Amino acid sequence: MAIQSSSILMINLKDVNINTFFIKLFAQEISLEILNPKELGKDWAKVTLNKPQQPDFRIEEVKAIQQVIKDSLNYNFVESLTENRAVINLKALDVSHKEKVESLELAKKVLEYRELEKSFKKLLKIPADKKKAKIQKQKLKQARIREKELHKYLQGRQYNFSLNQVSSNWLKKMVLGYTEIELENKIYSQSQNIFKINKNSDNNFIFLGLIPTEKAKLIEFLESQKIDFQNISWNKEIVTWSNPSTLAPFQNIAQSLGTIGKKEFDPSAVISIFFALFFALCINDALYGLVISGITGYFLFFQNLKKKFQSIFTLFFFSGIVSILVGAISNSWAGNLLATTPFGVFTENFQLLEPLDPGKDVIINNFLRNNGGINPIVAMLGFAVFIGLLHIFTGLIINISNTAKIKNMKDAMFELNWVIFLVALLASFIGVLGPNTILGISFPVLIVTTVGLFVMNSGKGIAGKVIGGFIKLYEIVAFLADMLSYTRLIAVGLTGSIIATVINLLASIAYQGSGPILGIFAVAIILVIGHAFNLIVGMFGAYINPLRLHYVEFMPKFFQGDARALNTIDNELTYAIIDSSKA
């Protein structure tokens, strides 16, 4: 079950070292929140909260150390995406205050030295004006003196001037010092919710809220540390919202609007289907989809990808796979790049539609020609509207389900009446243009449900019912606007396909005008740069447009998201992982 009540434990920290406890707790990497007891109200408002001693260094004060560490590690693009933090144990974190001060002093002087080196280029340009030249020379002299002082200081600390980096020994000290400072600051912020029942009590307590599936792991940890605990109930329900890793990125899309309660429908699975399809329609290219899923799949399955990137990479991986299928249907592989190659003969076997050539002999084009001579692009726009209607009606049905779950059956029946009204309205429109039999069924239903809009709404009195009915009828305008919004998916996809075809045409012209040898280089440059640019721009549109359709056209139909969420603490450290087996 994706949505469930959080487990709440009260922990007794009597005779427990607070810092050590929190470090060991962070090392377990359990998703939890340290709750404020005063949220319970009444007698709990009188408890005495802990006033921990501030750490020696605030994390903002040691940014110089962080910058030097970052510069020294100097990760490339792949390394910056993958997990490369050092695994350390608690003993390694026993860094003295003196060592931290020395590391901070060294970091500041390293940054000063680097800035001074950069400034010499500017200082060596002596202006023509004698007065300004004198001032400039004085600044240059002072800079030279300061450079010698810094050089001597850094030389004494084994600074590598050729690489402009601190030594491995000092880098290790900085990483350990920064990690301990980072931990101290995290512990300081969290330990403020430790409380005593009264001022004279010897016992310290904390309330921990956590995901039920991780409760067993926490209990095992507490028992290993011989720490007493008990289950308690909270006066306000705190929910946790978790899905399998494949649905996590789509859950994040919905969760950005708030946290749904236990009586609300979890839309993550629905969002995953529609988002991937909308993304694919915007990309509308099989080769682009193959590149997207190939790159993201490589990091997901063959590299130790950082946790913070896993969600977005998973989203692009599945969306890329759907893009391959959608692109193959229209035989778009980087536009028409493969059309004149042996691969083109193979890819044509999967082609069902050619939007830019209505006369081409493919299944859907032939069907459209034989049934009214409809242009393939018009058919694609119609398909987008159809998918949009499915999307909108799914949201409306979820709304009915949510309304019924809170036992508000009257409102649920009103919303059901609204959905039937919209279906009858669309069917009547189709009946006017097409078979009269549809109109004969839909029109009476339309009349009955129209009356229902005026009778079943929540307005009071005749005037209130009439006003409520007209307000609901006015939503038809918003419904039609929402329906047409989905056509932009096709517009974005066709634009990308046309640009890809133009890039291929430019490469062909460059080859013909440059000769066989130079032409190969010209073609390679144009194709790589052109298609890379088109893919990157296309991905922005393919990501933003589905998001907009979900945030504006879909989720407002049903989403409440006003539940109290479990605000899990951030226990991730920047440069190190604490070995939980030795914590």
Scan G513, G496 and give me the residue that is in the same structural domain as Y288 (by TED's automatic domain parsing) and crowded, with 19+ Cβ neighbours inside 10 Å.
-> G496
Restricting attention to the stretch 541-562, does a residue exist that is exposed (fewer than 15 other Cβ atoms within 10 Å of the Cβ), at pLDDT below 90 and touching a helix residue (DSSP H, G or I) at 6+ places or on another chain (Cβ under 9 Å)?
-> no
Can you tell me which residue among I578, I536, I520 is aliphatic (A, V, I, L, M), at pLDDT below 95 and over 30 Å from F22 (Cβ atoms)?
-> I520
Does the stretch 84-98 contain any residue that is surrounded by 12 or more Cβ atoms within 10 Å (Cβ to Cβ), closer than 30 Å to S580 by Cα, in contact with a Lys or Arg (Cβ under 8 Å, 6 or more places away or on another chain) and among the hydrophobic types (A, V, I, L, M, F, W, C)?
-> yes
If you go through S293, S272, the only one that is surrounded by 20 or more Cβ atoms within 10 Å (Cβ to Cβ) and either in contact (Cβ under 8 Å) with a residue 40 or more places away in the chain or not assigned by TED's automatic domain parsing to the domain that holds Q310 (or both) is S272
Output for the stretch 182-227, where each listed residue is crowded, with 20+ Cβ neighbours inside 10 Å, among the small types (G, A, S) and outside any helix (DSSP H, G or I) | G209
Here the qualifying pairs (Cβ atoms under 6 Å; residues six or more apart or on different chains; first in the stretch 43-71 and free of Cβ contacts under 8 Å to residues at least 24 places away in the same chain; second surrounded by 15 or more Cβ atoms within 10 Å (Cβ to Cβ)) come out as W44/P37
Considering only the stretch 279-292, state which residues are over 17 Å from the mean Cα position of the chain (by Cα) and not β-branched (V, I, T).
-> A280, L281, C282, N284, D285, A286, L287, Y288, G289, L290
What's the number of the condition I363 fails, among (1) crowded, with 16+ Cβ neighbours inside 10 Å; (2) over 24 Å from S485 (Cα atoms)?
-> (1)
From the list I517, I499, I476, I490, which residue is without any contact (Cβ under 8 Å) to a residue 24 or more places away in the chain and either in a helix (DSSP H, G or I) or touching a Phe, Trp or Tyr at 6+ places or on another chain (Cβ under 6 Å) (or both)?
-> I517
Take the residues in the stretch 455-478 that are surrounded by fewer than 18 Cβ atoms within 10 Å (Cβ to Cβ) and closer than 16 Å to L425 by Cα, then tell me which one is farthest from the chain's Cα centre (by Cα).
-> F470
Across (1) closer than 30 Å to Y113 by Cβ; (2) not in a helix (DSSP H, G or I), K51 clears everything bar (1)
Return the only residue of D482, D570 being buried (at least 20 other Cβ atoms within 10 Å of the Cβ), over 30 Å from L338 (Cα atoms), in contact with a helix residue (DSSP H, G or I) (Cβ under 9 Å, 6 or more places away or on another chain) and not assigned by TED's automatic domain parsing to the domain that holds L73.
-> D482
Scan (1) assigned to a helix (DSSP H, G or I); (2) of a type in the set (D, E, K, R); (3) in contact with a Ser or Thr (Cβ under 8 Å, 6 or more places away or on another chain) for the single condition K262 breaks and write down its number.
-> (1)
Selection count where residues are more than 14 Å from N169 (Cα to Cα) and part of a helix (DSSP H, G or I), scope the stretch 66-99 = 14
Taking the condition within 19 Å of I181 (Cα to Cα), without any contact (Cβ under 8 Å) to a residue 24 or more places away in the chain and part of a helix (DSSP H, G or I), does K132 pass?
-> no
Those residues of the stretch 1-27 that are more than 24 Å from the chain's Cα centre (by Cα) and not in a strand (DSSP E or B) come to a total of 14
Quick one: in the stretch 1-35, of everything that is at pLDDT below 90 and polar (S, T, N, Q), which residue is nearest to K236 (Cα to Cα)?
-> S5
For I145, work out the one condition from (1) buried (at least 17 other Cβ atoms within 10 Å of the Cβ); (2) free of Cβ contacts under 8 Å to residues at least 60 places away in the same chain; (3) under 26 Å from E105 (Cβ atoms) it doesn't fulfil.
-> (1)
Filter result (touching a Lys or Arg at 6+ places or on another chain (Cβ under 6 Å), among the polar types (S, T, N, Q) and within 30 Å of A269 (Cβ to Cβ)) within the stretch 1-51 | S7
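Looking at T340, is it over 37 Å from the mean Cα position of the chain (by Cα) and of a type in the set (S, T, Y)?
yes
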Being farther than 23 Å from L338 by Cβ, in a helix (DSSP H, G or I) and free of Cβ contacts under 8 Å to residues at least 60 places away in the same chain narrows it down to one of F554, F540, F533, so name that one.
-> F540
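The values are calculated or read from the model by the stated rules, or taken from the named source; none is laboratory data. Note that the coordinates shown come from a computational prediction; the quantities given were computed from them, not determined experimentally. Neighbour counts are summed over all protein chains in view; Cβ atoms, including those assigned to glycine, are modelled from backbone coordinates with ideal geometry.
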